[in-house]
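Quick notes on the structure that follows.
Nothing in this text is a laboratory measurement; each read-out follows from the coordinates by a stated rule. Not measured: the values here are computed from a predicted model. We place every Cβ from the backbone using ideal geometry, glycine too, and count neighbours over all the protein chains shown.
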Amino acid sequence: MKNNLRALVYTALMTAFVFITTSIIKIPIPFTNGYIHAGDMCIFIAGILLGPFYGGFAAGVGSAMADFLGGYGQWVLPTFIIKTIMGMMIGYFAKADKNVKPYIVTAMLVWVSSLLTFLYTIWNTSVDTLSTHVDDIGTIEQAIQVIDHLKVQLLLVSIGIPVLVLFLGVLKRRYKVTMNQLVGMVLAGIWMVLGYYVASGLMYGNFIAPIFSIPWNIVQFGVGAVLAFMVVAALEKANVTHQTLFK
């Protein structure tokens with residue numbers, strides 16, 4: 001009974017933290033109806049501290065509440081599903097006894113295949129098609145400029161993901177984050193990026209406009225992971241871990 005009550009209290013706290021960090025800073029993503037935020041930091045922490053079940057609840061409910069109360073009602077259900085699975089993935093892979101190597105190899109293959117698909121789509125999208133599917137583009141000149149910028153962004157992302165993983169690997173040693181926790185964050189981040197892309201495509205009836213959100217979502221989960229590293233390290237020093245919370 002005591003452990004159950006403790007789990008509920010910590011879950012409620014992390015749900016509130018996810019909600020607050022998602023709501024307090026919102027940066028609109030150009031040419032989409034979405035935004036980026038700092039909530040992923042708390043989602044990473046929730047999964048590591050609370051495990052897959054409670055971490056998934058805090059991630060999904062906190063994020064969905066932020067969308068609902070922030071005027072993004074159409075995103076409540078997709079966000080709840082995507083963020084719940086995101087939190088569960090972190091909690092699952094963060095376990096010390098989990099062999100994560102096969103998963104990270106598979107995830108990287110999926111990511112490379114997806115990125116090549118995005119690049120192929122943009123390279124073969126005509127100016128007229130882009131203007132039709134993206135409401136904020138009004139002129140042919142603007143459409144050409146937007147396509148060129150997006151191509152550069154996607155190319156930078158293709159380089160940026162491996163660089164980000166290497167950078168997080170260096171930080172892992174400094175902040176004493178485990179390899180499993182690092183892999184959990186990377187896998188959950190990739191899931192989030194692809195999940196929102198598919199959800200946006202289904203919601204708006206095309207899979208061209210949602211490509212604009214991909215670089216921004218990668219920035220979001222990358223910054224969130226770095227901040228989570230720092231917070232997890234501080235919590236470790238204070239002896240606040242999954243084991244101590246649920247002993």
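Give me Arg6, Arg174 ranked fewest to most by other Cβ atoms within 10 Å of their Cβ, as a rough exposure proxy. Walk me through the intermediate numbers first.
Numbers: Arg6 13, Arg174 10.
Arranged by neighbour count, lowest to highest, Arg6, Arg174 become Arg174, Arg6.
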- Ratio for the stretch 1-129, C-alpha Rg to 2.2 N^0.38 Å, reads 1.24
- 17 Å cut-off, amide nitrogen to a point 7 angstrom out along Val152 Cα→Cβ, residues in the stretch 216-232: 216
- Message: Please list, in order along the stretch 8-19, the HN-Hα scalar couplings obtained from phi with the Karplus expression 6.51 cos²θ - 1.76 cosθ + 1.60 (θ = phi - 60°), rounded to whole Hz, x for Gly and Pro.
- Response: 5, 5, 5, 5, 4, 4, 5, 4, 5, 5, 4, 4
- ³J(HN,Hα) across the stretch 74-83 via Karplus (A = 6.51, B = -1.76, C = 1.60, θ = phi - 60°), whole Hz, x for Gly/Pro? 5, 9, 4, 5, x, 5, 4, 5, 5, 6
- Task: Could you check how many percent of all C-alpha pairs in the stretch 165-236 are farther apart than 14 Å?
- Result: 61
- With x for Gly and Pro, the residue-by-residue ³J(HN,Hα) of the stretch 114-119, computed from phi through the Karplus equation 6.51 cos²θ - 1.76 cosθ + 1.60 at θ = phi - 60° and given in whole Hz, is 5, 5, 4, 5, 4, 4
- Query: Full extension from Ile159 to Met179: what is 0.36 nm times the residue separation minus their Cα-Cα distance, to one decimal in nm?
  - Reply: 5.1 nm
- Task: With just the Cα atoms of the stretch 205-246, tell me how far they stretch along each of the three principal axes, in Å, largest first.
- Result: 47, 20, 6
- Item | Other-chain or far-sequence residues with amide H under 5 Å of Ile36's (modelled H) | Ile27, Ile29
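Please report the orientation-averaged projected area of the chain, defined via the convex hull of its C-alpha atoms, in nm².
On the way: hull surface 52.8 nm².
Mean shadow area of the hull around the Cα atoms is 13.2 nm².
Multiplying the sequence separation of Ala234 and Val219 by 0.36 nm and subtracting their Cα-Cα distance, what value in nm do you get? Spell out each step's value before the answer.
Numbers: separation 15, 0.36 × 15 = 5.40 nm, distance 2.31 nm.
Full extension from Ala234 to Val219 adds 3.1 nm.
Fewest to most neighbouring Cβ within 10 Å: what's the order for Asp148, Asp40, Asp67, Asp97?
So the residues, fewest neighbours to most, are Asp97, Asp148, Asp67, Asp40.
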- Task: Can you tell me how much longer the chain between Ile20 and Phe53 gets when fully stretched, taken as 0.36 nm per residue apart minus their C-alpha distance, in nm with one decimal?
- Result: 9.8 nm
- Give me Ser23, Ser63, Ser200 ranked fewest to most by other Cβ atoms within 10 Å of their Cβ, as a rough exposure proxy. Ser23, Ser200, Ser63
